1. Identify all residues within segment 90-136 that are among the small types (G, A, S) and either crowded, with 20+ Cβ neighbours inside 10 Å or not in a loop (DSSP other than H, G, I, E, B) (or both); write none if there are none.
2. So which residues in segment 197-220 are exposed (fewer than 14 other Cβ atoms within 10 Å of the Cβ) and within 16 Å of A232 (Cα to Cα)?
3. Return yes when A229 is assigned to a helix (DSSP H, G or I) and more than 20 Å from the chain's Cα centre (by Cα) and no when it is not.
4. Of the residues L173, L139, L192, L147, which single one is surrounded by 18 or more Cβ atoms within 10 Å (Cβ to Cβ), free of Cβ contacts under 8 Å to residues at least 24 places away in the same chain and either more than 24 Å from I66 (Cβ to Cβ) or not hydroxyl-bearing (S, T, Y) (or both)?
5. Before we move on, is G69 modelled with pLDDT under 95 and either under 22 Å from the mean Cα position of the chain (by Cα) or within 19 Å of P150 (Cα to Cα) (or both)?
6. All but one of (1) farther than 29 Å from H235 by Cβ; (2) in contact with a helix residue (DSSP H, G or I) (Cβ under 7 Å, 6 or more places away or on another chain); (3) not aromatic (F, W, Y) hold for S97; which doesn't?
7. Could you tell me whether segment 58-75 includes any residue that is part of a strand (DSSP E or B), touching a strand residue (DSSP E or B) at 6+ places or on another chain (Cβ under 9 Å), surrounded by fewer than 19 Cβ atoms within 10 Å (Cβ to Cβ) and on the phi > 0 side of the Ramachandran plot?
8. Please give the number of the condition V164 fails out of (1) at pLDDT 90 or above; (2) closer than 26 Å to V64 by Cβ.
Amino acid sequence: MRSTHLTERVGVSLVSLQVVSELGWLFREQETSDVGIDAQLEVVLGASINPGTSGKSTGRLLAVQIKSGPSQFAGAADGGWWYPCDAAHVEYWKSHSLPVVVMLVDTGTHSVYWQHVNPTTLMSTGKHFKIFIPAAQQLDEANADALAAPARSEQDADPVTEAVDRLPAETRLRLLKAHRAGRAHAAPLAVLLADSDPAYAVRVLLTSPPPWLTEADPLGLEDVWRTTASYAASHELGMSLVTALERAAAVSADSRAASSPWLHWRPLTWEVLGRSRWPTRLGKKAAPSSWLSSER
């Protein structure tokens, strides 16, 4: 097992332990955490690990990204650390239905530091971003109220975002982009892929397409197949990946032909004009090689 993976697991375990023992909250690790979110925290009021005490679950949630090990503290500054964030992570955090918190774990001292992700705390560095993690904001009872402040109830959560938390990175980002664009297929596709066995989900899409898929417009249909292809690739479903890509390419070709009538006229134009009179602004390479295979 790689040392980096061990460090990541130690970090998640330390956060889980402190969330439960220090705050008395609930910790739910996310199964797929390669981009964006590692766990969800549920705020619990009046909880304690002492015998005879119980707390009240609020249903208010926070999404958490956990980063562990000495390398995460490289950006030391007065009063804390600057943590660099790539644009893909930030895009995902900003589109998430739950408030997002970044936590840095010092695996040597077992200390955990945190910061909310929002327009105030994020600072652009050009192509990417950075966020300041204050040393004063440790994961402990003294900071519990501040940490919980932006937490939202589960009823307010977006079902698409909830579903994509369980999906591979590229699939997740494609679905979030489609969801933000108002594409009708985003919600049912996200739920199908998140709640089903991977091979079964892809087989349903390829062999028994549901109504929302058969009714999709060309743009939506192409996106469905490209999203399905990325999902199949993540789960090493080789033949399904190829089939989904072929369908995406076919939809794209049909869409281009429908929007450019001249594509239908081109073979006839070629026959009438002859090769030597093919419009010079397109150049010889504009004609498919199959049309250049024999002399006229």
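The values are calculated or read from the model by the stated rules, or taken from the named source; none is laboratory data. Computed from a prediction, not measured in an experiment: that's the story for all the values here. Counting neighbours? That spans all protein chains shown, and the Cβs are built from the backbone with ideal geometry, glycine included.
1. S95, S111, S124
2. D197, A199, Y200, T207
3. Answer is no for this residue.
4. L192
5. no
6. Exception for S97: condition (1).
7. Scanning segment 58-75 turns up at least one residue that is part of a strand (DSSP E or B), touching a strand residue (DSSP E or B) at 6+ places or on another chain (Cβ under 9 Å), surrounded by fewer than 19 Cβ atoms within 10 Å (Cβ to Cβ) and on the phi > 0 side of the Ramachandran plot.
8. For V164, the exception is condition (1).
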